[in-house]
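Heads up: the structure comes next, in C-alpha cells.
Quick note: the coordinates plus some simple rules give every number you see, no bench work behind them. Computed from a prediction, not measured in an experiment: that's the story for all the values here. Counting neighbours? That spans all protein chains shown, and the Cβs are built from the backbone with ideal geometry, glycine included.
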C-alpha cells in the first residue's frame, strides 16, 4: 500500500492559485452547502490575523464527485469512519486521538452533497491509518443537533479538523481534491518535507546544509488556517520527492507558537504562502504565492538552472 503522503498528493494533485482571504478562513470550496440547524447570519466568521494570503498562479477547478446517493450508515468498507451520536461520544473520540489528526464530517440525511463526498472520506480512511475519521449526522437526533450547534455548524457537508482536541481548520461544501489536500496538509508526517516548529529548528536545518555540497533549502512558510497554503502543499510534497537530490524542502506554520510567529516577523513575511530560498546559510530569494509553475521555476533558478519565462 502506498504511503499516506504519496496517496494524498496524487489524489490532491491539482494545484490552485492563492485566494485573497483572511488567514482564519481557510479557502472555500466550489460546491454549494446545504443550510440547516441555525440562522445563516450566524455562519459569518470574523477574519483575523496580520499575515494575509498571497494571490498568484492558476486554479484548476475540482471535478464533481460521482452522482448517486451513498448510504451514510452501514455501508461496506467504511468501518474506519466512526459514527458519533452525541457530544459525549465526540469529546471522547477527540481525547482518544491525542495528537493524531481527526477529520469530522458533519452531514445531513437530506443533503445530496453530503452523500457524494462521503465515499471520498471512506477511501481516505482506508489509506490514512494515522488519521481518525468521524461522521456526525446533524439531523439524526436532538443530541446531534445540539453537537452541531455547539461546534458552530450551519451548513453541510462541513469538515472540521482537530489535533490535540483543538480545531485547526474547517471547510464546507468542498470536493474530493480539496478534502484530500486538507488531510495531507494537516496530517502529513511521512513525506520528505521537514517539519519545523521553532527558530532553533530553522537554524539547525540551515547549518546542516551550509558549505560546499550543501543543498538549496526551500522553506514553505504558512499559517494553519490559510486556504492557499493548504492548496499548494501537495505540490511541495511532490517536489520534495522529485528534487530530493538537489533540494531540501521544509515548512513552518507561523501561528503554531510564539517562536514561529517571531520568525515570520523577523523574515518580513506579510503574505502566505511565502517560500524562502536558502543557500549556504543565506536567504538568497523568496517567492510569494502558490503558482506551481512559478514555484518550480524559482527553485530551478536558485539551483543554477537557467529559466526563461
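Rounded if a/c is under 1.5, else prolate if a/b is larger than b/c, else oblate: which is the stretch 112-194, with a ≥ b ≥ c the root eigenvalues of its Cα gyration tensor? Prolate. Between residue 86 and residue 198, the FRET efficiency estimated from the beta carbon spacing at R0 = 35 angstrom works out to 0.35. The ranking of 144, 246, 127 from fewest to most other beta carbons within 10 Å of each one's beta carbon is 246, 127, 144.
Ranked for footprinting exposure by Cβ neighbours inside 10 Å, fewest first, 148, 229 give 148, 229.
Pull out a ≥ b ≥ c, the square roots of the eigenvalues of the alpha-carbon gyration tensor of the stretch 194-302, then state rounded if a/c is under 1.5, prolate if not and a/b is larger than b/c, and oblate in the remaining case. Oblate, since a/c reaches 1.5 and b/c is not below a/b.
Give me the extension gain from residue 109 to residue 259: residue separation times 0.36 nm, minus the current Cα-Cα distance, reported in nm with one decimal.
Contour length minus the Cα-Cα distance gives 49.6 nm.
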